[in-house]
Number of protein chains: 4
Amino acid sequence: MHRIAVIGASGYTGVELLRLLSQHPKTELVCVTSRQYAGQSVSEVFPSLQGSLDLFFENINPAGLADRADLVFTAVPHQAAMGMIPGLLDAGCRVVDLSADFRLGDVSTYEAWYQEHTAPELLSEAVYGLPELFREQIPSARLIANPGCYPTSVALALAPLLENSLIDLSTIIVDSKSGTSGAGRSAKVDTLYCEVNEGFKAYSLPRHRHTPEIEQTLGTLAGTDVIISFTPHLLPVSRGILSTCYASLSSPLSLEELHDVYIESYASEAFVRVLPKGQLPNISQVSGSNYCDIGLAVDDRTGRVIALAAIDNLVKGAAGQAIQNMNLMLSLPENTGLMIPPLFP
Amino acid sequence: MHRIAVIGASGYTGVELLRLLSQHPKTELVCVTSRQYAGQSVSEVFPSLQGSLDLFFENINPAGLADRADLVFTAVPHQAAMGMIPGLLDAGCRVVDLSADFRLGDVSTYEAWYQEHTAPELLSEAVYGLPELFREQIPSARLIANPGCYPTSVALALAPLLENSLIDLSTIIVDSKSGTSGAGRSAKVDTLYCEVNEGFKAYSLPRHRHTPEIEQTLGTLAGTDVIISFTPHLLPVSRGILSTCYASLSSPLSLEELHDVYIESYASEAFVRVLPKGQLPNISQVSGSNYCDIGLAVDDRTGRVIALAAIDNLVKGAAGQAIQNMNLMLSLPENTGLMIPPLFP
Amino acid sequence: MHRIAVIGASGYTGVELLRLLSQHPKTELVCVTSRQYAGQSVSEVFPSLQGSLDLFFENINPAGLADRADLVFTAVPHQAAMGMIPGLLDAGCRVVDLSADFRLGDVSTYEAWYQEHTAPELLSEAVYGLPELFREQIPSARLIANPGCYPTSVALALAPLLENSLIDLSTIIVDSKSGTSGAGRSAKVDTLYCEVNEGFKAYSLPRHRHTPEIEQTLGTLAGTDVIISFTPHLLPVSRGILSTCYASLSSPLSLEELHDVYIESYASEAFVRVLPKGQLPNISQVSGSNYCDIGLAVDDRTGRVIALAAIDNLVKGAAGQAIQNMNLMLSLPENTGLMIPPLFP
Amino acid sequence: MHRIAVIGASGYTGVELLRLLSQHPKTELVCVTSRQYAGQSVSEVFPSLQGSLDLFFENINPAGLADRADLVFTAVPHQAAMGMIPGLLDAGCRVVDLSADFRLGDVSTYEAWYQEHTAPELLSEAVYGLPELFREQIPSARLIANPGCYPTSVALALAPLLENSLIDLSTIIVDSKSGTSGAGRSAKVDTLYCEVNEGFKAYSLPRHRHTPEIEQTLGTLAGTDVIISFTPHLLPVSRGILSTCYASLSSPLSLEELHDVYIESYASEAFVRVLPKGQLPNISQVSGSNYCDIGLAVDDRTGRVIALAAIDNLVKGAAGQAIQNMNLMLSLPENTGLMIPPLFP
């Protein structure tokens, strides 16, 4: 059994890691930390996990972790992550970081969209952990930058178009909608039940921080710089992201041809389900699972392709993908502990 | 008091007409019809209206209506509307039709997106009742085609851009999201609570029937044909539409300049609220009201404008706008009975 | 026009007062206060009210209020209310207090369930403002204690049974369910969207603070002490309370007889809708309105009556009832500005 | 591998059986039937199951099933079940029936609450499959009557009180609240999204059909007839039941003593989680799992105990409990395939 620690386990991403790791057959959770809940049992804070996990939250103590854990998940906010990860690596831990701190390869881009970076020397070493697109470097990585939720959905929706040079790169528009768990578990008026319920809005326009991460991935796939428009919206649901991606086709393509491209691109992927032609994804059909469902449309009247991807933002968009990366790092079958069917209804 | 009848009053649009008309100070509801509920009291079928409305549903009898009512709302499905409206007009009624049957001026377009039209001779007479854009012909009209919910939101979001020739017409993409009341009140598995709850999906891609209606309005405003991409989505809320509209600016424009254009365009409109710069609309802020809230963003990186409009699909997107048209037809102040603040939370 | 002030206008009860007062034909809102938002416009904080209300939040300044306002609503938390109300009264204001501070006539009961009371001398003067049951003293009152949301629903559900001595007083059990707006608008993890959504739980068992208030009202109606079991639950909706009340009948009674008793009890009440026999109330049928819907069942097998009442907790359970009290205090027709039909769906 | 068939697999209970059986390590699904969807693939009808289950819906053919399946789940409506089960048993199948047809031991009680029973000879053979209370007869049963959702929650909430003679049996009142999936997946106006959303109501008062089933179980545990009041309500959530159960204590008991009784009663049960003293169950904490969470309160003022139980109505209230019964019938560990942690949020 591989020994695993989760730092920052009391947010929605953290507790989702605990849910998934408690079911993982090849790992043992040895340490979960939370400043806020240190000393309390996990099941007291998260009654859902009573019977699945018998641990107490500890205070964060990166120094001692290396002796106890083979691999550490950091599920803390950006900026906090970069403060502790160098120490964890120095102590010999391998790290899967769920924050944004090591996702962007270019420090100036990071600093333009976030704030100063205090560990830029690690940016070139960090591997962007989106296995379906960049699987090769993951097994040997010391530090994985686990992708953002929006970027995961967009990259999987658009990758076959870019890899096959099917679209005009200057025409990409991404309209994304996320469930409220993506906004975190800290107490804010904006995410109170009554503020979100029966509501729907766009936010962070026109410069959401996931934009450069999406552009970096698309640029890598296209082999050239890509600039997109990206609009996130807040959905009155707990889980789920749907990204509706628009682009102009370089030359006419039928839905059949397009569908074949996607089927082929993802033929060997366990977690990408290219839906039958004419079927469109629904976030309720992936809830609780590591699947990414993809649907397609071709608009003959405008020459545009519309590619839609649905994921559970807490699973394929965060904790599930992090475990997928962990499996690769530990030389386990990539889908170990992750073949959980969605919960519908 | 003007005497009013509502045909097809048992759907969500119909009952919303009843709610609003029961509060209208200058009209009297004299007849409400429903095949399904004929003989039952309105308050038995819709307990919310007990105390507000003391009427029984009748069977539809267009022949006798002209003697009883000065103005008739038809809130029946498309195709059914065109079957009864010629008779109502012949009998001397004025009609506000909430179906799609008389919205498109061109019969071949209608027949390409719907089915055969049996009253094409009325298409040129019917006035498209979007007062903020086409107010002049409404007062004298005999037949108003009340706009669709999606088209209302999109037209109000984009009109100032088109009227001022600020965008490249070939680049318009509309990503809309609607609450479930827009799908009607008939019993279908697809709109059961458990199918919609915690879900979100696009539908009718790439050819939703509201597309030609949107294009007709935008084309009129632009003075030339306009072809757009339009993607509707289903939101897990009862009420509300948010349309996120993208287009490339013809020449660079700051958010300030853009905001000024909208403020000026809608300066004299009671129901269009152009939000302060930087504020984005939320459907929960217009619920139950006839307002259309508009927010704006300019994406310098891509040269695109993003215009967002939020309405209550049952009010400004249907029953409220129908009453706004009625007010104009009856020479009443346009906002009579419609200055209802939204219900939040 | 009567001049009105609202102290503490930024919570859900406060903004509901603003919505309703903005529509009231006989009053003018002259002052709204909020520590948190002082200096900001109301419509900036609550965009729903843009166009309905053109005011800025002020800091609380009870001293100067008497010159500006004829009547003041205090919508601040308990304990804060008792700190400012003596000063308001001294300055000559009449006050409708929406907190719990003056609802209990007995100071020792108050102090047993809340904390020390600093203005006990006002307890005997304060009038409990539940017009349907205690209308007489309201018009001349200087200080109205506006009833709690749960107590309003329970008192209206049970009053006819107590007034007619139809039940065994020792058998009353009240199982209530409230929407989340009842928990207030301050930032807490417990009322975040993801904590409430798809959830349902009881809370504050077995001693919720509304218990003595309910018992006081029932005791007054019964003419003797009444002790009940009261269990509140949290519903994943924004608005609404349903109270399901159980009691053993003193002697057998048919549903018809029982229904007649209720019809007679509430025959002259504008806001109590006793539903037809066999129909049960639904919170969605009173949303946004000042109605209390009542349904009844008699369980022959056990000799119990079940009385159910549905209200909108923010309207009949708070702001609407407060305005009903204000109307009586100002010698206006009791339903002025309150005949708003519910918003369904 | 044991071969399993599911008859009537297209309702919410049916698809939940498919979700759980697709993860079960010791069984193989060999046949799933649905009149409505015969010939379609399971994943076409339920996209959530794509990748988990590769089967097509068949028409029901009870005759041939015995050769193909060792055990059959019948997930069809009551009355339909009794029509096919005798044939299945005659053909040699063992059956777990999820309908109500074989839950009541007394045919006259069944016929008083449902309709005529056409297979009364099987009532004495059928075993009521609530393992925590009646485990002994399940392993050898040919026909299991899988308990109803409400009755499961109520029986587990009250059993320790009855088994230890702690309450006055004439005082039991059960106030239950169920998610909407309990109302089934057939198209009805009453369960449309907009009818349920933001609503809450009681229904089927005062004679819901689960009443005699609850009374039968409580009577068996008490060793004498028990008559209760039972009020079901409809919650605007997809999954979950919370039952709030009231009874007068026979003699005073502290919460500590009461809690100890429950801890002891359920000490060896894998699926009953007696929460820590003072903690109350929430349906969101059991969603997707086979757990029943129990919370307790003692109301000293009235001498009543309040016992609350939360289950997922589709799992412990239907499909999960059915598999628990199947495990016992097949001599597998009772929790095989069922140790799934709840999905929160």
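The values are calculated or read from the model by the stated rules, or taken from the named source; none is laboratory data. The model shown is predicted, which means the values in this text are computed figures rather than measured ones. All Cβ positions, glycine included, derive from the backbone under ideal geometry; neighbour counts span all protein chains shown. Just the protein is used for accessible areas: all its heavy atoms, side chains included, with ligands, DNA and RNA removed. Shrake-Rupley method; radii C 1.70, N 1.55, O 1.52, S 1.80 Å.
Per-structure values
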item	result
Answer residue from region C:133-182, given it is of a type in the set (S, T, N, Q) and open to solvent by 10 Å² or more (accessible area, probe 1.4 Å) and is farthest from C:Leu235 (Cα to Cα) among those	C:Ser140
Residue in region D:203-222 that is of a type in the set (D, E, K, R), surrounded by fewer than 17 Cβ atoms within 10 Å (Cβ to Cβ) and facing chain C (nearest Cβ under 10 Å) present	yes
Some residue of region B:254-268 being over 23 Å from the mean Cα position of the chain (by Cα), open to solvent by 10 Å² or more (accessible area, probe 1.4 Å) and small (Gly, Ala, Ser)	yes
Residue list for region B:1-50, restricted to those being under 27 Å from C:Lys277 (Cα atoms), open to solvent by 20 Å² or more (accessible area, probe 1.4 Å) and touching a Gly at 6+ places or on another chain (Cβ under 8 Å)	B:Gly11, B:Ser43
Number of positions in region D:78-109 that are within 25 Å of D:Ser204 (Cβ to Cβ) and in contact with a Phe, Trp or Tyr (Cβ under 9 Å, 6 or more places away or on another chain)	12
Residues of region A:275-317 satisfying the condition of being more than 10 Å from every other protein chain (Cβ to nearest Cβ) and closer than 15 Å to A:Ser243 by Cα	A:Cys292, A:Ile294, A:Ala307, A:Ala309, A:Ile311, A:Asn313, A:Lys316, A:Gly317
Filter pass, B:Leu235 being under 30 Å from D:Cys194 (Cβ atoms), of a type in the set (A, V, I, L, M), modelled with pLDDT of 95 or more and crowded, with 24+ Cβ neighbours inside 10 Å	yes
Selection count where residues are in contact with a Lys or Arg (Cβ under 9 Å, 6 or more places away or on another chain) and of a type outside the set (A, V, I, L, M, F, W, C), scope region C:130-161	7
The listed residue being touching a Phe, Trp or Tyr at 6+ places or on another chain (Cβ under 7 Å) and not assigned by TED's automatic domain parsing to the domain that holds A:Thr13, out of A:Thr220, A:Thr224, A:Thr231, A:Thr211	A:Thr211
Selection status of C:Thr336, more than 23 Å from B:Phe344 (Cα to Cα), in a loop (DSSP other than H, G, I, E, B) and either facing another protein chain (nearest Cβ under 8 Å) or open to solvent by 10 Å² or more (accessible area, probe 1.4 Å) (or both)	no
Elements of type helices (runs of 4 or more DSSP H) contained in region C:1-85, each with 1 or more residues being away from chain B (no Cβ under 12 Å) and more than 28 Å from C:Tyr114 (Cβ to Cβ)	C:62-68
Single unsatisfied condition, D:Tyr193 versus (1) in contact (Cβ under 8 Å) with a residue 40 or more places away in the chain; (2) in contact with a Phe, Trp or Tyr (Cβ under 9 Å, 6 or more places away or on another chain); (3) not hydrophobic (A, V, I, L, M, F, W, C)	(1)
Residues located in region C:269-281, provided they are touching a Cys at 6+ places or on another chain (Cβ under 9 Å) and either open to solvent by 40 Å² or more (accessible area, probe 1.4 Å) or acidic (Asp, Glu) (or both)	C:Glu269
Filter pass, D:Glu195 being more than 21 Å from the chain's Cα centre (by Cα), open to solvent by 10 Å² or more (accessible area, probe 1.4 Å), within 12 Å of another protein chain (Cβ to nearest Cβ) and not hydrophobic (A, V, I, L, M, F, W, C)	yes
Qualifying residue in region D:58-72 (condition: loosely packed, with under 15 Cβ neighbours inside 10 Å and either among the polar types (S, T, N, Q) or in the same structural domain as D:Ser186 (by TED's automatic domain parsing) (or both))	yes
Residue within region A:317-326 that is under 16 Å from D:Gln50 (Cα atoms) and either buried (at least 24 other Cβ atoms within 10 Å of the Cβ) or aromatic (Phe, Trp, Tyr) (or both) present	no
